Amino acid sequence: ALQGPREEIVYLPCIYRNTGIEKPDYLATVDVNPKSPHYCQVIHRLPMPNLKDELHHSGWNACSSCFGDATKKRNRLILPSLISSRIYVVDVGTDLRAPKIHKVVEPVELFWKGNVANPHTSHCLGSGDILISCLGDPSGNGKGGFILLDGETFEVKGNWENGEKVPLLGYDFWYQPRHNVLMSTEWGAPKVLADGFNPADVARGHYGRRINVWDWSTHTYIQAVDLGQGSVPLEIRFLHNPDAAEGFVGCALSGAVHRFYKTEKGDWAAEKVIEVPSKKVQGWLLPDMPGLITDILISLDDRFLYFSNWLHGDIRQYDISNTRQPKLVGQVFLGGSITKGGPVTVVEDKELQCQPEPFVIKGKRVPGGPQMIQLSLDGKRLYVTSSLYSGWDKQFYPDLVKEGSVMLQIDVDTERGGLKVNKNFLVDFGKEPDGPVLAHEIRYPGGDCTSDIWM
């Protein structure tokens, strides 16, 4: 995979919910080939047939886990809708540059067959089926269940999990068959987070704190690894090496990255290996501003860990050659809530000497902060978008909702470590034909380091 071809196009879900524009979300195809006359341009838009879906993350109908079977191709992109609970199956095989809708799974299918709602992360399985994690039940309460789609017909088969024990909350997941395990994380109860963040809901137990451990072969919930009150663990990544019994999870509210690992006893544990200190501030929602680690990924060679601090505004690169002692080797600021001249004053900062300058590229002052990230297969280019989720974008970065998000590209030093913004690369989703839009997760045709699981 490291020697795979350079990415030429990427897919991004673009969201209109909460922007005031009554248009359906769509899947954008963006040209990222520097030799192309359409470099940094949206070359195709596939609108969904409904309003206010809140497209969010995506996955494939087939991935490396299926590639012992030569008939399997990544020709369908699975697009769950976080709020409407629809699942769109998109045909990207007929024309990579002009996807079209193949099938729509209506929310009632998830409600009736699985008693789940708010689908989030999609991974293909070695069986050919597709596994999707969910945040809640049809009433908007938290519920960390899963739904299984048939990999050929895309019919809902029912729940993946067995037994009566199910975590109170759900979000992301990753599995590793060699260690007979699936790990899932917890964001919050859908009806609580849907329209914004209320800090009081953390103390009420409406936000997550655990890594949930599942037995891969029996599909049963066997262990909870507690990362602490108010941690809110989001994206979880095993190392890519399928023999490795360890990985990392980023915690949004506590600003910590935990390494999780298999113990000598055979159960699982976690240790904090990185902590982003909160900043004491004035002119903000709370007196302490967390970094809000929202996305995290590991390079395909398991050498570097990357994550974004959506509120502080920086992206960080860590050398994880020693997984127990990650070493910061790269950092770049791309906006955020603490820039100079803004409404927030930093009164105490354990890391910075002064507030960072606003981020300007090609004459545009970029609203919001860095959020979703995707790394090229060779590890040399890191792509970044700035929208987290429309309900929270509207609360924390009102200018982002008015002006639209951006996609940026960062050049990566893969030898010594280091990050540098490519000043020639900007996709401005504020200039879309139907008005500014919120572009979210980035996917390459052919898979990438956050979609592929090796067996």
Farthest toward positive dipole pole in the chain [+1 Lys/Arg, -1 Asp/Glu at C-beta], among Gly266, Tyr389, Thr19: Thr19
Loop-located trypsin sites (Lys or Arg not before Pro) in the range 313-387, at most 16 other Cβ atoms within 10 Å (DSSP): Arg324, Lys340, Lys350, Lys362, Lys380
Formal net charge of residues neighbouring Leu300 (Cβ-Cβ distance under 12 Å; K, R +1; D, E -1): -2
Protection proxy ranking of 432-438, 131-137, 279-285, 83-89 - average other beta-carbon atoms within 10 Å, highest first: 131-137, 83-89, 432-438, 279-285
Interchain or long-range residues, amide H under 5 Å from Gly313's placed H: Ser337
Dimensions (Å) - the chain, Cα atoms, principal axes, largest first: 54, 51, 45
Backbone N under 15 Å from the Lys327 label point (7 Å along Cα→Cβ), restricted to the range 409-442: 414-418
In sequence order, calculated HN-Hα J values of the range 213-222 (Karplus, 6.51, -1.76, 1.60; Hz; x Gly/Pro): 9, 10, 6, 5, 7, 9, 6, 10, 7, 10
Cα gyration tensor shape for the range 177-332, rounded if a/c is under 1.5, else prolate or oblate: oblate
Kirkwood estimate for the range 5-106, i.e. one over the average of 1/r between Cα atoms, Å: 14.5
Interchain or long-range residues, amide H under 5 Å from Gly158's placed H: Leu148
Probe 1.4 Å, all protein chains present, accessible-area order of Ile236, Ile101, largest first: Ile101, Ile236
Normalised contact order of the chain, rounded percent, pairs of Cα under 8 Å and 6 or more residues apart: 13
Net charge, Lys157 excluded, C-beta distance under 12 Å - Lys, Arg +1, Asp, Glu -1: -4
Whole-Hz ³J(HN,Hα) from phi, Karplus 6.51 cos²θ - 1.76 cosθ + 1.60, for the range 327-344, glycine and proline x: 10, 5, 10, x, 7, 8, 9, 10, x, x, 9, 10, 5, 4, x, x, x, 9
Cα-projected label distance for Asp195 with Asp91, points at 7 Å along beta-carbon direction, nm: 4.0
Range of Cα positions in the range 23-63 per principal axis (Å), largest first: 35, 31, 13
Per residue value of the accessible surface for the range 108-147 (all protein chains in place, 1.4 Å probe), Å²: 27
Amide proton proximity set for His102, modelled H, under 5 Å, gap of 5+: Val89, Val90, Asp91
Karplus 3J(HN,Hα) series, Hz, for the range 422-427 with 6.51 cos²θ - 1.76 cosθ + 1.60 (x for Gly, Pro): 7, 6, 9, 10, 8, 10
Cα-only Debye scattering, the range 292-436: base-10 log of I(q)/I(0) at q = 0.11, 0.12, 0.13, 0.16 Å⁻¹: -0.41, -0.49, -0.57, -0.85
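How high is the FRET efficiency between Asp226 and His38 when r is their beta carbon distance and R₀ equals 51 Å, given to the nearest 0.05?
Taking R0 as 51 Å, the efficiency between Asp226 and His38 is 0.55.
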Heavy-atom accessible surface of the chain: percent carbon and sulfur, 1.4 Å: 48
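The values are calculated or read from the model by the stated rules, or taken from the named source; none is laboratory data. Small disclaimer: the values here were computed from a predicted structure and weren't measured. We place every Cβ from the backbone using ideal geometry, glycine too, and count neighbours over all the protein chains shown. Remember, those area values only see protein heavy atoms, side chains included, never the ligands or the DNA or RNA. Shrake-Rupley method; radii C 1.70, N 1.55, O 1.52, S 1.80 Å.
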